[in-house]
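What follows draws every value from the coordinates through simple rules; no lab data is involved. The shown structure was predicted, so the numbers you read here are calculated from the model rather than taken from an experiment. Glycine also receives a Cβ, built like all others from the backbone with ideal geometry; neighbour counts cover every protein chain displayed.
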Amino acid sequence: MVERGDGPHEEGVDPFVDAYEEAQARDGHADIASYLPDPGHPLFAAVLCELVRVDMEYAWTRGRPVPLEDYLARFPSLSDDTTLFRLAAFEECRQRRQAGESPSAEEYGRRFGIADASWLPSAAPRPGDAGTRLAEMSGSWEMSLRAVAPRTAERVAEALSQLPEPGSEFAGFRLVQELGRGAFGRVYLARQGDLADRPVALKVSAELFDEPRALAQLQHTHVVPIYSAHRVGGLRAVCMPYFGATTLADVLSELRSRGTPPDSGAALAETLTRRRIDARASTDGPPAPSARAAAIKALQDESYVQAILRLGAHLADGLAHAHERGIIHRDLKPANVLLTDDGEPMLLDFNLAADVKDPHAAAAALAGGTLPYMAPEALDTLRTGPQPADPRSDIYALGLILYELLTGRHPFPERRGPLEELLPLMAADRRGQPPRLRPWNPAVSRAAESIIARCLEPDVGRRYGEARHLLEDLQRELDDRPLRHAPDPSRRERLGKWARRHPRLSSGTALMAMAAVVIVGIIAGYSQRQRRFRAVEAEQAFRRLADDHEAARILLLDPADDPARREEGLALCRRALGRYEVLDRPDWARSYLITSLPAASQAELKEQVGEVLLLGARALNRQSSGLAPDQRATLSRSALRWNGLAEACYEGDAAPRALWSQRAYLADLAGDHDGAERARRRALATPIRSLREYAMILLGDDGPGAGPEALPALADASRRAPQDFALWMNLGQCQAHRGRLADAEDCFTVAIALRPGSPWGYFHRGRVELERRDHEQARLDLDRAIWLRPDLAAAYVNRALARLGSGDAPGAVADLTTALDRGAVETRIFFMRAQARARAGDRDGARRDRDEGLRRPPADPESWVARGLARLPSDPEAAIRDFDAALALDPRCRPALQNKAAVLSDRLGRTGEAIEVLHRAVSLHPDYVPSRVGRGVLLARLGRREEAHRDAEESRRRDASADTAYRIACIYALTAKADPAGRSRALGMLATALGQAPAWAEIARTDPDLDPIREQAGFADLLRTFAPSSGPAG
């Protein structure tokens, strides 16, 4: 679960909701539990409520509603706070009402015991509660109306509380069913008793704008006319003919459920027929006026794209009629376009319409429009105040509707949040180049795409100046004629249109005669266009390769070698290589995706492909660990093949040392020792040319192959590429791998500054801080990593260690449980959770986890180490065997080496063997000070003073931490008999350690390594001065 660790909760619930919505936008789904803070977090209840409300909205929008009971069953605490639970219930009610349902206060009282449900239709309004009822309006209207006309806002809210319910009588009409709703009213299917009980559509709304007067000016086939207008109290009713209940919003909902746009307009006809039958069954009344068979047949005979363009032409015709009479719709959206039962689109709901002949119209109408369908200039109006309405804003909205119908998706991100934050983001989204359609629906012609792009021009001056111009271009496209008001970009399409208009001239002899004249021009134009498009495609592929390469470097050069991250990194490698068919085609470098690039870019691309191959070979070899011999051999051969393919990416002798070092290692594994020796000689003769290569060598399976020249290479590369995020991440991994923790922390800090939105800098810095026992800072960094990527199981595991180190055992249990829920499979997690549960007092839970850990066979070195530590109290020899198993998988495994040495010396009394293990550890990890200083302590216990002092001096030179200072004090104390001056040096180092970390004083009280100086003057004073309240963390 997400826990924000960056100070007081000044950001409220927004960060949690933002993270959830980012996942929805990225993946199309998100689990609420992944974005909740800890149950003890002060904002837990508020975040849970808000996430439930947002998740509910997504579910209803996608046609898969989730009842509130399901959320309660999963999160019982949702109902603990009555006020917050009412908000969740209100959201469900709101979604149901938008879907056409009619929930009642009695129902919510029965389901949830909510006695006072004033937000429900049947609840009696409370005096003075107009502000509460405004919550039913859209957020933009509530804020805008209050800001510009507060008295009107109160009047509208009061009127909305009096809206009638289906089944009641209103203004002489019997209300049969609610057909839809908007910010200021509802539309009902009704029967007009004084006119033979005819079915009508009755719109009842707050009397805010003079819609009847506006509509009275409009008499058009594609604008819903009005029969009559009525006024009851603060409400107004507009009676209109009932043409059916299907809107374009319904069409879009079905289109999204299909996944891809249909091929034929018959899909629209089927939708209309089905909804007409459903509406008749649900209302038990007559259908709308009978469908015109010709119109329905026209839909069935056209392609889907043609049907949508024809629909758009009809709507543009209706808009042109309104605009020419000074009426601007201002709220054009799919829900405000009726698709009649005979297949004709009709504009409705001019509730926001502005009469541009009225000088007070702008102030009266506010800004208008539903946010996702508003033009950028209309969004700006919401921020700057009322401005004169512009008919071209309606053209923009119609362009958005046609884009959605043609592609099944909205062209811009779905934004949520406070209005003052939302508006600039939405306006910025719409200020860029008009979005493309053809990538989402190749059936859309380039000319049709050009028409929609002209509608969606962010610059009003570049948009269609009149709806008539849009109508003309749509009709021209349908009639196979060239466009007049938008670019007609495709010569081939224009030729095809001409051929369809002149079938005689385009067939037989006439066509052959013209071919000789036209074909040369066509071929020339096509070739030029192909070259241009191929260059763009090649550049885009190159950028994607760079992104995959950077991510693979971070994932696959991680010494921890987490299996899940390794799998993710290998998938990235395969994707990057598949883009260029590297694994399948020997001549892949001749692809136009490469040859279309400039020469310098081609060279860089090949180098990146070579590095991706080497990274993938490393991952394949790592995957073979622990497998059966035949499986391991297969993967090793694949790794060698990838290494061989990498060599072809470099010209002449430019192949990097990393390639030869890796080949030597892989050839040895395959038994080709002669080949390994040849590769090893090539590696030694090849200089290291970049930090990227140095990181690959140092973090490769073949061990630290970099010599003394590596450090200058590091410094030089960092100076030459100071903005390379992955480079700094790799450098940090290198430093951490060699035990240079302070330097590693600095590198990750630079990486965070370069890419603050990436979780990896925080994650790796948190791991380094864990090794340095800075548990609180580690927790804060891991909090941030989890907030940025809530599915990162390894971050939960490491945060659990930080929490254990700072005494938060219950929090550690929660994090480890979450890691398992996120798919972590390492056996060690059960041992870690057993330890955390034991510290939290849950002995039964600790025993179950330990038993489960012992039951599961470890599959990675860290889990073998964890099992060894779990078996250590009762069976030290078994622990040694487990540490050896870890080393069989990874001979460089530092925790296995450290723990094996500790058990040999402290539990089994085999100090000589322990020293040999630490010799190996120091040779493998020369910069990791704990191995060196630990060896010094063991040497001092055996009386090997000179060797022990060399380790002490070298360790002090490399690291000034409290841990190192304390162990150096032990070395000098143990050798004090042979070196009396060592007593004062031991006291001095002890004082240094206690000054940095007073908690070491508690260990010092009973540590036998300090016995030689225990009676020394000043020893007792040191312990009294730095008396701690608890032992050292970790």
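Between the alpha-carbon centers of the stretch 799-860 and the stretch 399-462, tell me the distance in whole angstrom.
49 Å
For each of D27, D791, count neighbouring Cβ atoms within 10 Å of the residue's Cβ, then give the residues from fewest to most. Each step should come with its number before you reach the end.
On the way: D27 9, D791 16.
If I rank by nearby Cβ atoms, fewest first, I get D27, D791.
Fewest to most neighbouring Cβ within 10 Å: what's the order for S601, S661? Display every interim value, and only then the final one.
Numbers: S601 14, S661 27.
So the residues, fewest neighbours to most, are S601, S661.
Label the stretch 928-1034 by shape, choosing from rounded, prolate and oblate, from the square roots a ≥ b ≥ c of the eigenvalues of the Cα gyration tensor; if a/c is under 1.5 it is rounded, and otherwise prolate applies when a/b is larger than b/c, oblate when it is not.
Values: a/c = 1.87, a/b = 1.25, b/c = 1.49.
Oblate shape, in that a/c is at least 1.5 and b/c is the bigger or equal ratio.
For a Förster distance of 41 Å, can you work out the FRET efficiency between the beta-carbons of E57 and A960, rounded to the nearest 0.05?
Working: r = 55 Å, r/R0 = 1.34.
Efficiency for this residue pair is about 0.15.
Cut-off is 10 Å between beta-carbons; in what order do S393, S79 appear when sorted fewest neighbours first? If you can, show how the numbers build up before the last one.
Values: S393 26, S79 17.
Ordered from fewest to most neighbouring Cβ atoms within 10 Å, S393, S79 come out as S79, S393.
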